[in-house]
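Since the structure comes first, as structure tokens, the remarks are kept for the end.
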């Protein structure tokens, strides 16, 4: 169970960093961000996240707000995974959680 929680937490962290990297790069690159290869890579990596955010969000949420929705949802997943990991580690002993 601990391994599954750690995997979920790691995937959420990677996805959050991809969304954050895409946002920062969008601010830095400005209007020419579509030609930036790293921005294009982030778009490919975050496309499934944005589709998932579209599925769970109401239709009145604009498409330009989907990255924020995805970021908040992933933050919630990360928080739940972290709390679950802490709970498991407290129950089985902190020594067994190391390594």
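Within 10 Å of each residue's Cβ, count the other Cβ atoms and sort 46, 82 from fewest upward.
Least crowded to most crowded, the residues run 82, 46.
Using a 10 Å cut-off on Cβ atoms, rank the peptides 14-26, 32-44 from the highest mean neighbour count down. Walk me through the numbers on the way to the answer.
On the way: 14-26: 16.4, 32-44: 13.2.
Listed from highest to lowest mean packing, they are 14-26, 32-44.
For residue 1 paired with residue 43, estimate the spin-label separation in nm (one decimal), with each label point 7 Å from Cα along the Cα-to-Cβ line.
Simple spin-label model gives 4.3 nm for this pair.
With each run of n ≥ 4 DSSP H residues scored as -39500 (n - 2.57), what mean residue ellipticity at 222 nm is computed for the chain after dividing by its residue count and rounding to the nearest 500 deg cm²/dmol?
On the way: 4 runs with 79 residues, N = 99.
Rounded to the nearest 500, it is -27500 deg cm²/dmol.
Once R0 is set to 25 Å, what does the formula 1/(1 + (r/R0)^6) return for the Cβ-Cβ distance between residue 13 and residue 35, expressed as a FRET efficiency to the nearest 0.05?
Computed FRET efficiency for residue 13 and residue 35 comes out at 0.30.
Between 0 and 90 degrees, rounded to the nearest ten: what's the tilt of helix 2-29 against the longest Cα principal axis of the chain?
Helix 2-29 sits roughly 20 degrees off the main axis of the chain.
Going highest first, how would you order 61-73, 85-97 by mean Cβ packing within 10 Å? Numbers along the way, then the final one.
On the way: 61-73: 14.5, 85-97: 11.8.
Going from most to least packed, we get 61-73, 85-97.
Enter the angle in degrees (range 0 to 90, nearest 10) between the Cα long axis of helix 37-56 and the first principal axis of the Cα atoms of the chain, meaning the one along which they spread out most.
For 37-56 against the chain, the angle is about 70 degrees.
Between 0 and 90 degrees, rounded to the nearest ten: what's the tilt of helix 66-92 against the longest Cα principal axis of the chain?
10
Read-outs throughout are calculated quantities, based only on the coordinates presented, and are distinct from any laboratory measurement. If you're wondering where the values come from, they're calculated on a predicted model, not measured in any experiment. Note: ideal-geometry Cβ built from the backbone for every residue, glycine included; neighbour counts use all protein chains shown.
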